[in-house]
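Have a look at the structure below, then the notes.
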């Protein structure tokens, strides 16, 4: 007997469970089973069929979703979840015309959050992050990546990662931690960037040894860290057993996307200014371009990442919130899906694949998240929408009706 039967589904979205990210034309392939039902046993999908009582398997519990849309739980594959403080005071600076790097030079930006995170206790950071995490789940996110990077020193980076570990033990959703120690250059290392990279390499080894993160990441950007410094750090992180990701080509095309491909990184994140050559290399690789249109929107930029070009050239795209206190203050992945349609010109099918199966691949969970295939973990969302194309169309509201993890209802939205 199955534990649960989910029935009367208007549209059941079945993104392809694939050993590699969906690339190019394959991103348009989204299986949609209408008038469907499925069953759950021991937290995993155990049967999928038509919504026909004559063929229903025996189940201890039945859930009638009333003709609504059901999809896999969303995967937010790039967030800065654990941090202290907030930076609403910087909004006026942005409105006056100062850009991100100019605010950073004035001691704001990342450095402001670093100060707040260093000063905050672990319990304070936990409670703050828990509030944001509940909001993410209420919008349909059931798998989250969480980066450190607001410490820039051993004590605070480890504190962030330990808080993330505690969150993963407290909440039912899946969490993946990323060590982003080289997120900015702290004033104490001014003019000594290579020394700071060496310090972060030593810390990456400790993080790997303590199993506090699955990935390492670095902010490769003009005025922050060069591609050479990024390569040194990421190669060392790989040697320590960590997967690698890279913040790259967000503002200036420095070659970070090319480096991501060279190192076989799980993802190249931002990639707004990625060159034509970089996009061609992405198409030849399994590195996922994690695009963050909410950040471009929030910073008031006109140039968005070239999702259409990346996909049309044969690359893999994922979408994420980039939730953080300075450049994208939202936990709502649904809003990002709308921006992907309106600004990145992605189709509804591409968008759903980008927040499920491809986002899962970007954090090393392609075999276990972002899908509702038989055997997959039963993380799913019931959406109060008439069809799957409606969600990116009707923006800035919460369409989630109920969220389930391992077949158990965790939130009434």
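Structure notes:
- Within the range 256-267, being over 14 Å from residue 354 (Cα atoms) and in contact with a strand residue (DSSP E or B) (Cβ under 9 Å, 6 or more places away or on another chain) holds for 256, 257, 258, 259, 260, 261, 263, 264, 265, 266.
- Tally, over the range 345-365, of residues that are part of a loop (DSSP other than H, G, I, E, B) and crowded, with 24+ Cβ neighbours inside 10 Å: 4
- Residue match in the range 376-394 (condition: surrounded by 19 or more Cβ atoms within 10 Å (Cβ to Cβ), more than 19 Å from the chain's Cα centre (by Cα) and either assigned by TED's automatic domain parsing to the domain that holds residue 88 or part of a strand (DSSP E or B) (or both)): yes
- For residue 314: the one exception among (1) assigned to a loop (DSSP other than H, G, I, E, B); (2) touching a residue at least 40 places away in the same chain (Cβ under 8 Å); (3) within 29 Å of residue 203 (Cα to Cα): (3)
- For the range 205-218, the candidate set comprises residues that are without any contact (Cβ under 8 Å) to a residue 60 or more places away in the chain, in contact with a strand residue (DSSP E or B) (Cβ under 9 Å, 6 or more places away or on another chain) and outside any helix (DSSP H, G or I); within that set, the residue that is surrounded by the fewest Cβ atoms within 10 Å (Cβ to Cβ) is 212.
- Residue 123 in the same structural domain as residue 221 (by TED's automatic domain parsing), under 29 Å from residue 231 (Cβ atoms) and assigned to a helix (DSSP H, G or I): no
- Against the criterion of being under 14 Å from residue 84 (Cβ atoms) and surrounded by fewer than 18 Cβ atoms within 10 Å (Cβ to Cβ), residue 115 qualifies.
- Boolean, residue 38 is out of contact with any helix residue (DSSP H, G or I) (no Cβ under 9 Å at 6 or more places or on another chain) and at pLDDT below 95: no
- Condition check for residue 185: more than 20 Å from residue 82 (Cβ to Cβ) and in a loop (DSSP other than H, G, I, E, B): yes
- Options 64, 51, 58; residue that is within 30 Å of residue 387 (Cα to Cα), touching a residue at least 40 places away in the same chain (Cβ under 8 Å) and buried (at least 16 other Cβ atoms within 10 Å of the Cβ): 51
- Qualifying residue in the range 86-100 (condition: under 23 Å from the mean Cα position of the chain (by Cα), in a loop (DSSP other than H, G, I, E, B) and buried (at least 22 other Cβ atoms within 10 Å of the Cβ)): no
- Residues that are farther than 18 Å from residue 72 by Cα, touching a strand residue (DSSP E or B) at 6+ places or on another chain (Cβ under 7 Å), modelled with pLDDT under 95 and surrounded by fewer than 24 Cβ atoms within 10 Å (Cβ to Cβ) do occur in the range 294-301, at least one of them.
- Criterion: modelled with pLDDT of 95 or more, over 21 Å from the mean Cα position of the chain (by Cα), within 25 Å of residue 104 (Cβ to Cβ) and buried (at least 18 other Cβ atoms within 10 Å of the Cβ) - qualifying residue of 178, 232: 232
The values are calculated or read from the model by the stated rules, or taken from the named source; none is laboratory data. These numbers come from a predicted model, not from an experiment. Quick reminder, even Gly has a Cβ in these numbers, built from the backbone with ideal geometry, and neighbours come from all protein chains shown.
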